[in-house]
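Quick notes on the structure that follows.
Readers should treat all values here as calculations from the given coordinates under stated rules, not as data from a laboratory. Given the structure is predicted, the values throughout are model-derived calculations rather than measurements. Cβ sites come from the backbone with ideal geometry, for glycine too, and all protein chains shown count toward neighbours.
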Amino acid sequence: MIINKRKFLALIVVLVLIFITACTNDKSNNNAFAERQGNQENQESVSVEENQDEKEIINENEAEEEAPIEEQQDHPPVDLKALKVNELGKIMILMYHDIGEPEDIWVRTPENFRKDLQTLYDKGYRAISMKDYIEGNIDTPPGTTPVVITFDDGTKGQFNILDEDGEFVIDPDSAVGILEEFNKEHPDFGLKATFYVFYPTPFRQEQWITEKFQYLVERGMEIGNHCYNHENLRMDFNTKESRDAQFIQEALGKNVKATQEILPGYEVDSLALPYGASPKDEELYNYVIKGSFEGTQYHNKAILLVGSNPARPSYHVNTNMAKIPRIRASEMETENTGLYDWLEYFDNHPEERYISDGDLSTISFPKELEEYLDKEKIGDKLIQAYE
């Protein structure tokens with residue numbers, strides 16, 4: 001009986017061991033299955049991410065391949081010969097004085113100034129700044145011709161504020177008002193002009209001097225030097241005595257100093273000679289180009305004459321930046337050298353007119369004109385000489 005009990009207990013122990021072993025195997029199998037399933041899910045996840053990354057790379061590559069096509073569509077190639085591109089051609093720098101009534105030799109009526117702008121626009125001219133002319137950065141559309149608009153003396157008719165209840169209201173019949181109105185109608189013409197002012201009261205409204213200067217500069221127009229008080233740099237009208245270096249530097253440096261007191265840090269880099277007069281002594285002309293007064297340095301990178309001819313680009317071998325000719329924007333006593341005389345001339349001689357290729361990075365012209373290019377003045381621009 002005792003033996004049977006022992007056998008029974010032994011059997012029980014064996015069964016328990018078998019059960020425990022079976023449970024352990026099941027748990028191991030379940031863990032292995034879970035691990036395999038997890039690995040499979042991770043592999044599937046990695047595979048999905050890899051596929052997404054591959055798709056993104058493919059899309060990026062496709063975008064990169066498509067980008068040049070879009071650029072080509074935005075900047076289609078220019079047929080230089082068909083457009084008769086000539087970026088060594090002549091450029092008109094127009095000289096205005098007052099805008100008002102009645103029309104006179106040095107006065108243009110608002111109506112006639114509007115007519116001038118419309119005529120220029122219709123004939124394919126587009127305005128550029130004097131700084132762009134100096135630097136040779138002429139950015140006008142393909143087939144168009146740059147024109148520089150300048151005003152001498154800083155008159156009230158150029159920039160008049162109606163001063164309605166102390167508000168800054170621009171006279172629509174002043175030069176600035178007309179230019180802004182025209183720019184709204186023809187934004188591709190360009191809102192560009194340079195005002196050569198003298199002191200003590202440029203634009204003749206003392207209470208608005210600072211606001212006017214800031215307004216012009218903020219809109220891309222420019223302030224130039226016209227001596228401090230419109231001095232004749234050649235001689236004294238009364239005594240006929242020639243000017244000396246001290247007088248020249250004071251007249252020019254004092255102007256720059258006054259402008260920089262209104263516009264701190266502003267670079268005044270061009271001069272319109274009052275009366276078109278320059279020193280008799282050529283050595284003194286160096287002080288017209290650069291000098292100093294009471295610690296204020298000045299450097300006129302372009303000096304404008306009263307002259308009656310179109311200019312060449314700054315990078316033309318025949319260009320003397322110290323003596324740039326201008327054209328009178330008038331129809332009275334122009335002696336066949338006024339704005340409309342030259343417009344007619346270029347209509348009859350289009351091969352002499354500057355024609356843009358529309359690309360700031362290139363200088364394009366007929367190959368036979370290549371000798372007139374001053375390569376030292378074009379920086380890293382590419383040369384396109386076509387036949």
Identify the GluC sites (Glu not before Pro) of the stretch 233-336 meeting these criteria: DSSP loop state and at most 15 other C-beta atoms within 10 Å of the C-beta.
Glu241, Glu267, Glu294, Glu333, Glu335
Any idea how far apart Lys280 and Leu343 come out in nm if each label point goes 7 Å out from Cα toward Cβ?
4.1 nm
Going fewest to most other Cβ atoms within 10 Å around each Cβ, Thr155, Thr334 line up as Thr334, Thr155
One finds, for Ala322 and Ala82 with R0 = 51 angstrom and r their Cβ-Cβ distance, a FRET efficiency to the nearest 0.05 of 0.85
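Write down the percent of antiparallel bridges among all DSSP beta bridges whose residues are both part of the stretch 81-386, to the nearest 5.
Working: 11 of 44 bridges.
The antiparallel proportion sits near 25 percent.
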If you filter the stretch 99-192 for GluC sites (Glu not before Pro), then keep DSSP loop positions with at most 14 other Cβ within 10 Å, what is left?
Glu103
Return the long-range amide H neighbours of Gly291 (sequence gap of 5 or more, or a different chain), with a cut-off of under 5 Å between placed amide H atoms.
Tyr298
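Going by average Cβ neighbours within 10 Å, how do the peptides 356-364, 222-230 rank, with the highest at the top? Numbers along the way, then the final one.
Values: 356-364: 19.0, 222-230: 21.3.
Ranking the peptides 356-364, 222-230 by packing returns 222-230, 356-364.
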Give, as a single signed number, the net charge of other residues whose beta carbon lies under 9 Å from the beta carbon of Ser330, with Lys and Arg counted +1 and Asp and Glu -1.
-2
Please tell me the relative contact order of the stretch 294-387 in percent, rounded to the nearest whole number, where contacts are Cα pairs under 8 Å and at least six residues apart.
23 percent
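Given the Cα-Cα distance of Asn336 and Glu351 and 0.36 nm per residue of separation, how much length would full extension add, in nm? If you can, show how the numbers build up before the last one.
On the way: separation 15, 0.36 × 15 = 5.40 nm, distance 2.01 nm.
Roughly 3.4 nm would be gained on extension.
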Cleavage-rule hits (chymotrypsin sites (Phe, Trp or Tyr not before Pro)) in the stretch 155-213: DSSP loop, at most 16 neighbouring Cβ within 10 angstrom:
Phe168
Using a simple spin-label model with points 7 Å from Cα along the Cα→Cβ vector, what separation in nm is obtained for Gln214 and Asn229?
2.9 nm
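For the stretch 81-386, what's the relative contact order in percent, using C-alpha pairs closer than 8 Å and at least 6 residues apart?
Numbers: 640 pairs, mean separation 73.0, N = 306.
Taking the mean separation of contacting Cα pairs over the length of the stretch 81-386, I get 24 percent.
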Find how many whole Å separate the alpha carbon centroid of the stretch 223-296 from the alpha carbon centroid of the stretch 298-365.
24 Å
Say R0 is 56 Å: what FRET efficiency, to the nearest 0.05, do Asp165 and Val306 get from their beta-carbon distance?
0.90
